[in-house]
1. When the chain is fully extended, how far beyond the present Cα-Cα distance does Ala263 get from Glu299, taking 0.36 nm per residue of separation?
2. What order do you get for Met71, Met247 when you list them from fewest to most C-beta neighbours inside 10 Å?
3. Among all the aspartates and glutamates, which ones have a C-alpha under 17 Å from Lys138's C-alpha, if same-chain residues fewer than 8 places away are not counted?
4. Assuming 0.36 nm per residue, please report the length gained on full extension of the stretch Lys213 to Ala246 beyond their Cα-Cα distance.
5. Among Met186, Thr309, Gly197, which residue has its Cα furthest toward the positive end of the charge dipole of the chain, with +1 on Lys/Arg Cβ and -1 on Asp/Glu Cβ?
6. Between Ala23 and Lys146, what is the spin-label point distance in nm, taking each point 7 Å from the Cα along the Cα→C-beta axis?
7. Which cross-chain or sequence-distant (5 or more) residues have an amide H under 5 Å from the amide H of Ile253, H modelled 1.01 Å from N in plane?
8. Under a plain spin-label model, where a point goes 7 Å from the Cα along Cα-to-Cβ, how far apart in nm are Thr107 and Lys181?
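None of the figures in this text is laboratory data; all of them are computed from the coordinates on show. The model shown is predicted, which means the values in this text are computed figures rather than measured ones. Virtual Cβ from ideal backbone geometry, glycine too; neighbours counted across all protein chains shown.
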Amino acid sequence: MSKRFDVIGLSTALLTCTTILLAQQPVVRTADPITRGLQLTDFPRTIKVADNVYTYEDFHAGPEKFTTTNMFVVTDAGVLVADGQGSVPETKGLVEAIRKVTPKPITTVVIASDHGDHTAGNASFPAGVHYLIHPTSKAILERSAKAFALRGSGGGRGSGGGRGNADAWDLPADAELVADKKTMHMGAEEIQILFLGRAHTGGDLAVYLPRQKILFLSEIYLNRVFPAMRSAYPSEWLKALDRAEAMKPDLYIAGHGFTETGAVSQEEIRAYHKAMEAVIAEATRLYKSGVPVDVAIKEANWGEYASWTLASSQGPIAIRKIYEELSGQLK
Ligand SMILES: [Zn+2]
């Protein structure tokens, strides 16, 4: 199968100096910016996905380049942001990108993933913004804040590989808890905050925009990134994906990996779902054959998914987590 390298899915139509529109051209299906035909200097970038909905993509820390992707929604009553970046300067970049799009203030931040690569920059959001978070994620953030305080200083906080500049951000005490579903209105816009089940962190939230039929899935959906399971609930994650796909949105937005056009995103969430199933099936095969976990890590055959971003670092972690679940140790 030849993969087309041409034009990368970006139109040259510039809305502002930094906002781009996705065109309908074929794109290389990968999380790797260079393979996709982009330059590292193309990031961070803002993408307009609907009249008042945008994504913001900046690079995750670490040697392998792939994006951490946020969504923001501009309404008459202010801006809602779903997830931040992994450090104070990076989330400052997000805040500044929003300012280039609209003079409306950021009023609301949904913590869809509690991991550090999505929260460690939250001190850059304006003081007084209203946070929404799942109770499990709130407990996780409070635990990690406590551990951070005990350690004193240095080192990154958060469990998802933030860049280490925690800058003393603590979840405000008045953060609103969403355990299951909350429908909110900002101006004329209806916004649904949804818990689709435990997936990548256990407190995973999704943000659904019913008017535009856009579903931001944060780390429930990693676009062409190997299933990252360090804090995951593998079989429940599959069910969360089932629930997401049953909603049949026009556009799925991943927490890592590129923003796609609607039709491509529908194919890619299927591809991600299949990757999850394949990884779980391979680990389960090894487990049922009685292969010890350390040997399984070496013997696992990931097939086509071995080429996905983070496969070499996340493969062993997935084996351990799936073994944990199969042996009944995962609560
Ligand atoms: Zn992440």
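1. Result for the pair: 9.4 nm of gain on full extension.
2. Met247, Met71
3. Output for Lys138: Asp83, Asp114, Asp117, Asp170, Asp174, Glu176, Asp180, Asp204, Glu219.
4. Result: 10.6 nm gained on full extension.
5. Of the candidates, Thr309 comes out farthest on the positive side.
6. Computed distance between label sites Ala23 and Lys146 equals 5.4 nm.
7. Leu215, Phe216, Leu217
8. 2.4 nm
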